[in-house]
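As structure tokens, the structure follows; a few thoughts come after it.
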Amino acid sequence: MSLLVVGLSHRSAPVSVLERATLHADAQIKLLQDTVAAEPAAEAAVLATCNRIELYADVDKFHAGVAELSTLLAQHSGVGLDELTPYLYVHYEDRAVHHLFSVACGLDSMVVGEGQILGQMKDALAKAQALHTAGRLLNDLFQQALRVGKRAHSETGIDRAGQSLVTFGLEQLAAGGAVRDWARGKKALVIGAGSMSSLAAATLARAGVAEIVIANRTADRAERLAQILNQGDATDVPARAVPMDAVPAELTRADVAVSCTGATGLVLSAQTVADAVTRRTGVPLPRPGHGTDAGPAAGRSGRPVAGAGDDEGCPLDLTAARGTAGFSVLGEAAVAGMAASELEQHAAWVDNAPGPQTSPDGATRGQAGTALVLDPAVDADAIAALAAAAALVGRIPERRRPEPVAGIPRPTPVLSLLDLAMPRDIDAAAHRVTGVRLVDIESLADASADAPMAADVDQVRRIVADEVAAFGAALRAAHITPTVVALRTMAADVVAGEIARLEGRLPGLDDKHRGEITQTVKRVVDKLLHAPTVRVKQLAAEPGGAGYADALRTLFDLDQEAVAAVSRAEDSTDDKDRPA
């Protein structure tokens, strides 16, 4: 049998695919059961987190195993196999061990060095043990991975290279400032009461927020988390629990909200967020992503729009890039670095321009939302203006494709949102609501891609490489152990048989002499077998040493069933000694 892992993560798949492929608790159980029921697999474990889904199995056929595990992942994740396949990765044998150990150390995490993965890995092993889908290989593998992860965190400074996803998310909300300074005195709303939400609540409490409100579908869990926070010695931040239907009202009072639930749909819509900001500020906002009811002559901002040849009503000052009368730059140069609300207003002004017009020079202006059509023979002045604008900004303007400009001051958000759920809890359109800053898994992935790698990461990589080599050697050595045990058992049977024959030939042999003869024969057999068995274990532990077990069985004509019986006995002993 051989170790195989098939999976996808934030490194191989876009967030939109990971969001749809999320495995919930019931789906994980069914996936484990179906995997061990499939022909190629004898053991199975699932590691499912907010940014990865991995299926580990002990298989007897590589190609059949890859096909079966990929199909099962597609079936239980709800994403079609054809769509899922391009984002799947496969690791086999030592590469699979190396991958899991790297994951355990936080090297493969979205935030390098975060330690939450160890708890998630422990839960994955416990689930496989409870369902009896983890045998000797996966038990040894996951337990060793947990030890490797703990070693990496205790022997290196990998914690300095990264932090938990919660801390990293709060740092993004703080926009470069100290989280403690940013959080001090704020009112926080935490939606969910699972491990990630609990960590978020504890982190916010340590950061010095003024109040924490916990909302959860299961009231008992919310009450329990609030009680833990209130009884904690490290902080004196008051915490209270509320039902989920109180979230809209609590959002009106909150300065920051963190959400991480197991919901399959959105917990906070963009409209709910906009309504909360409106009730808090008293300033009405347009519906996110929609126009207002100001009438057919109004754009998405609700203000009247002017014709394409007239800048009246446009929210931007386009005079700096105007070449001739009747021509305005409607592109990147004009909107770069704008706030989202201003961009929406400008887009409304452009998209809702009236129908065709004829300028004094005879040029025809396009319909609302269409591009300007220029005739080289008639529109020489307009073309010259376009060329001048291109020279001014360094490129030809392209409407509605602004590039972010560093250093543009932004207004302080009224409400900061951190969405750590997968699939997402908060509508992505909420980031367009004026006064809202939203950080989610996708933006965290983009931000962490530029994080510098610490020197400690290289040290952890060396630890992983050493541990993979040691685990492989131990695994290969363990593979030959049942054969060696069967050989020694056969030798002991031969000794016992010969001693019995001796007693038949020498019935008058006293106990003292019988014992001396028996010990002498045993010592001779042990000395003859010692060097070969020690050497064969050493050879079997080296790469490519799997064939030595077969050679030993052939040389000594060992019964395969006797070897299998030893393996079953060892597995049974391991199960009894294994922690529940």
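The values are calculated or read from the model by the stated rules, or taken from the named source; none is laboratory data. Everything numeric in this text was worked out from a predicted model, so none of it was measured. Note that each Cβ is placed from the backbone with ideal geometry, even for glycine, and that neighbours are counted across all protein chains shown. In case anyone asks, the SASA skips ligands and DNA or RNA and just uses the protein heavy atoms, side chains included. Shrake-Rupley method; radii C 1.70, N 1.55, O 1.52, S 1.80 Å.
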Note on region 46-116: alpha-carbon gyration tensor, axes a ≥ b ≥ c; rule is a/c under 1.5 for rounded, else prolate if a/b larger than b/c, else oblate; result oblate
For the table Lys61/Lys150; Lys30/Lys122; Lys150/Lys186, the rows whose alpha-carbon distance is greater than 29 Å are Lys61/Lys150; Lys150/Lys186
Per the C-alpha gyration tensor (a ≥ b ≥ c, the square roots of its eigenvalues), region 1-132 is rounded if a/c is under 1.5, else prolate if a/b beats b/c, else oblate; here it's rounded
For region 136-188, shape from the Cα gyration tensor axes a ≥ b ≥ c, cut at a/c of 1.5 then a/b versus b/c, turns out prolate
Of 270-279, 412-421, ordering from highest average Cβ density within 10 Å down gives 412-421, 270-279
Out of Leu3, Ala21, Ala74 - ranked by how far each Cα lies towards the positive end of the dipole of region 1-88, with unit charges on the beta-carbon of charged residues - the top one is Ala21
Here FRET efficiency (C-beta to C-beta, Arg240 to Asp511, R₀ 60 Å, nearest 0.05) is 0.15
Most packed first (mean Cβ within 10 Å per residue), the peptides 189-199, 128-138 order as 189-199, 128-138
Expected unfolding gain across Ile499-Gln231 under the 0.36 nm per residue rule, minus the alpha-carbon gap, is 89.2 nm
For Arg437 the rounded accessible area (nearest 10 Å², probe 1.4 Å, non-protein molecules ignored) is 80 Å²
In this structure, the FRET efficiency calculated for Ala210 and Asp446 from their beta-carbon separation, with R0 = 22 Å, to the nearest 0.05, is 0.10
One finds the C-alpha centres of region 1-77 and region 233-253 to be spaced, in Å, by 37 Å
